[in-house]
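The structure appears below as structure tokens.
The values are calculated or read from the model by the stated rules, or taken from the named source; none is laboratory data. Here the structure is a predicted model, which means the values were calculated and not measured. Remember, those area values only see protein heavy atoms, side chains included, never the ligands or the DNA or RNA. Shrake-Rupley method; radii C 1.70, N 1.55, O 1.52, S 1.80 Å.
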Amino acid sequence: QVQPVESGGGLVQPGGSLRLSCAASGFSFSRYGMNWYRQAPGKERELVASITTSGGTNYADSVKGRFTISRDNAKFTGYLQMNSLKPEDTAVYHCNLAINGRPRYWGQGTQVTVSS
């Protein structure tokens, strides 16, 4: 079973950038699609970005043009580059590895706070 581990969250000012990492503990990282979700208190969990095993990407409208999802299979790691951050981006961000397009293995989450 794969257990992804997120890192890279923190406190950043509006307009700043953060790079989240999602490291897999298993050997079969390349077999999984990867999703980044976020959830703010009192709000539903939102799919932010996804990348398939073949490299295709999708983004929520709210982050298009600002966030970039990528993966490095050789390092067993996925990334979410977040630029031009806004206060509404504040949330706990979770990495999820997907099988056949369906979320399966979840990381513990990393807090992203965008505030002046």
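Quick look at the numbers
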{"quantity": "Additional length obtainable on full extension of the chain from ILE99 to ASN58, 0.36 nm per residue less Cα span", "calculated": "13.2 nm"}
{"quantity": "Percent accessible area from carbon and sulfur atoms, the chain, protein chains only, probe 1.4 Å", "calculated": "46"}
{"quantity": "Residue-normalised accessible area of the chain, expressed per residue, 1.4 Å probe, Å²", "calculated": "53"}
{"quantity": "Candidates ASP72, ASP61, ASP89: whichever shows maximal mean-square fluctuation once the chain is modelled as a Gaussian network with Cα springs under 10 Å", "calculated": "ASP61"}
{"quantity": "DSSP beta bridge pairing in the chain, given as percent antiparallel to the nearest 5", "calculated": "90"}
{"quantity": "Straight-distance crosslink candidates among lysines, where the alpha carbon sits under 28 Å from LYS43 and sequence neighbours closer than 8 are dropped", "calculated": "LYS64, LYS86"}
{"quantity": "Rounded accessible area of LEU11 (nearest 10 Å², 1.4 Å probe)", "calculated": "130"}
